[in-house]
Amino acid sequence: MSRFISERYVNMAPYIPGEQPKDSHFIKLNANETACPPSPKVLEVLASSRMNNLGRYTDPSSMELKKAIAQNYNLKTDQIITGNGSDELLGYIFLTFFERSRICYPDITYGFYKTLADAFAIDQQEIPLKQDFHVDINAYIKSDRHIILANPNAPTGYVLPVSQIEKIVAAKPDRLVVIDEAYIDYGNESCIPLINKYDNLLVIHTMSKSRNLAGAHIGYCLGHKTLIKDLENMRGVLNPFNLSDINMAVGTAAIYDKDYLKSSIDAIIETRDYTTEALRKLDFYVLSSHTNFIFVSHPWLSAAEYNAQLRNLGILARHYNSPERIKNFLRITIGTKEEMAAVIAATKKILLKIAA
Ligand SMILES: *Cc1c(COP(=O)(O)O)cnc(C)c1O
């Protein structure tokens, strides 16, 4: 640390993402991304003459992409802010609404919330998931704190119905509720329609998962226009041209290609169900996933050992050392059918080897 760092940031520590090896022979199932290409419409726009214009700054309001999103969800453009991944927007939300305030979120969830809360010294409370890893709704209904929930949650893969979320949002209008719907597209009901009814709700989406665009890194946040205006002001202070013209073009093309989104999702769900069934046959406990990953444990093969053995066989998954009660679980992203067949084959090998 240098002697120049602002005092309030001396405890700042970056988020640690899943390993990104340069060595591409790994089957990479550790960051919930995908080996599938983006929509052909995305590739088309990247090869188009539009890219000749990159010498110019783009439209700082990202209106082209906002219009696509507005049309897709039947919203107005002033209910939308776009960003470089949902992580950028989470940063704006924490800075704009949570500094000098109090927040809560589950003890087992997306680690970036804690990263941000720690960095900005926000008063944070972790509310334990119930014993069965489901969200304790009543604890959130009762809390006076602002709330951030990933729905479906990661790494459990469990989802809350919109009716339950609405109960939390409606319980206390002077508290902001942020719902991170990174995995909503995998067959779940979104709470986006609620933003027309409540002015204390923000919903965040990413194109990194279901739209096969983690490498582009595009996200958007939806909410009441007054909330969005506050966030737009923060964005205008920190990064007025946050979305490159490349990402604007890529994101817009991806939003309009609904057929490709549907086929990507259908493939993941089918492969997820196949993988779940195959692992259950091998005595794994597999939480019923509503996402593009599964969270698994085994009665006598420890998760740490399983992870290490998979790595030896060229397969990367994600293991968490804390909290204690998820230590014996491994999170495995659902890849292509071929990749998951390789996981099953490797798992059989590992079980035979350890049992011997
Ligand atoms: C992947 C993920 C994100 C990050 O999305 P980006 O748009 O790639 O920044 C946010 N929230 C959750 C719960 C995620 O799993």
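The values are calculated or read from the model by the stated rules, or taken from the named source; none is laboratory data. What you see is a predicted model; the values in this text were computed from it and never measured. Quick reminder, even Gly has a Cβ in these numbers, built from the backbone with ideal geometry, and neighbours come from all protein chains shown. Accessible surface areas use protein heavy atoms only, side chains included; no ligands, DNA or RNA. Shrake-Rupley method; radii C 1.70, N 1.55, O 1.52, S 1.80 Å.
Remark: C-alpha extents of the range 1-93 on the principal axes read 46, 41, 32 Å, sorted largest to smallest. Each DSSP beta bridge with both residues in the chain is either parallel or antiparallel, and the antiparallel ones are about 50%. Label positions at Y256 and K22, each projected 7 Å from the Cα along the C-beta direction, are separated by 3.8 nm. Computed over the alpha carbons of the range 162-254, Rg followed by Dmax gives 14.5, 41 Å. Between E7 and E64, the contour length at 0.36 nm per residue exceeds the alpha carbon distance by 16.5 nm.
Amide hydrogen proximity for L202: with H placed 1.01 Å from N in the peptide plane, the residues at 5 or more positions away or on another chain lying under 5 Å are V177, V178, I179. Report summary: the helix-based calculation at 222 nm, which adds -39500 (n - 2.57) for every DSSP H run with n ≥ 4 and divides by the residues of the chain, gives -11500 deg cm²/dmol. Please compute the net charge surrounding L282, taking Lys and Arg as +1 and Asp and Glu as -1 over other residues with Cβ under 12 Å from its Cβ. Charge balance near L282 sits at +2. Summary of packing: across the peptides 346-356, 1-11, the per-residue average of other C-beta atoms within 10 Å ranks them, highest first, as 346-356, 1-11.
Taking the longest Cα principal axis of the chain as reference, the axis of helix 303-312 is set at about 90 degrees. What percentage of the solvent-accessible surface of the range 266-356, computed with a 1.4 Å probe over protein heavy atoms, is contributed by carbon and sulfur atoms? Carbon and sulfur atoms account for 53 percent of the accessible area of the range 266-356.
Residues whose amide H comes within less than 5 Å of that of I27, counting only those at least five positions distant or on another chain, are I315, L316 (H built at 1.01 Å from N in the peptide plane).
One chain, two ends: N138 and K281. Fully extended at 0.36 nm per residue, the span grows by 47.9 nm beyond their Cα-Cα distance. In plain terms, the chain from R50 to W300 could stretch by 84.4 nm, reckoned as 0.36 nm per residue minus the Cα-Cα distance. Cα centroids of the range 293-350 and the range 92-130: 28 Å apart.
Highest mean packing first, where packing is the average number of other Cβ atoms within 10 Å per residue, the peptides 317-328, 302-313 line up as 302-313, 317-328.
Surface composition of the range 40-256: carbon and sulfur atoms hold 51% of the protein heavy-atom accessible area at a 1.4 Å probe. Against the compact-protein benchmark of 2.2 N^0.38 Å, the Cα-based radius of gyration of the range 40-256 scales to 1.01. Electrostatic bookkeeping for R211 treats Lys and Arg as +1 and Asp and Glu as -1; over the other residues with beta carbon under 12 Å from its beta carbon, the sum is +1. Translational diffusion of the range 71-182, estimated by Stokes-Einstein from the Kirkwood radius over alpha carbon pairs at 4 °C in a medium of 1.567 mPa s, is 88 µm² per second. Rounded to the nearest 10 degrees, the inclination of helix 63-73 to the longest alpha-carbon principal axis of the chain is 60 degrees. Distances between placed amide hydrogens fall under 5 Å for F293 paired with I334, all partners being 5 or more residues away or on another chain. Net charge near R311, counting Lys/Arg +1 and Asp/Glu -1 over other residues with Cβ under 15 Å of its Cβ? My count for the surroundings of R311 gives +1.
For C36, the solvent-accessible surface computed with a 1.4 Å probe is close to 50 Å², ligands and nucleic acids excluded. Measure off 7 Å from each Cα along the Cα-to-Cβ vector at K130 and Y57, then give the distance between these two points in nanometres to one decimal. Here the modelled spin labels are 5.2 nm apart. Computed over protein heavy atoms with a 1.4 Å probe, the accessible surface of the range 40-256 works out to 41 Å² per residue. Here the range 25-40 and the range 175-207 have alpha carbon centers that stand 25 Å from each other.
Using the average count of surrounding beta-carbon atoms within 10 Å as a protection proxy, the listed peptides 163-174, 240-251 rank, highest first, as 240-251, 163-174.
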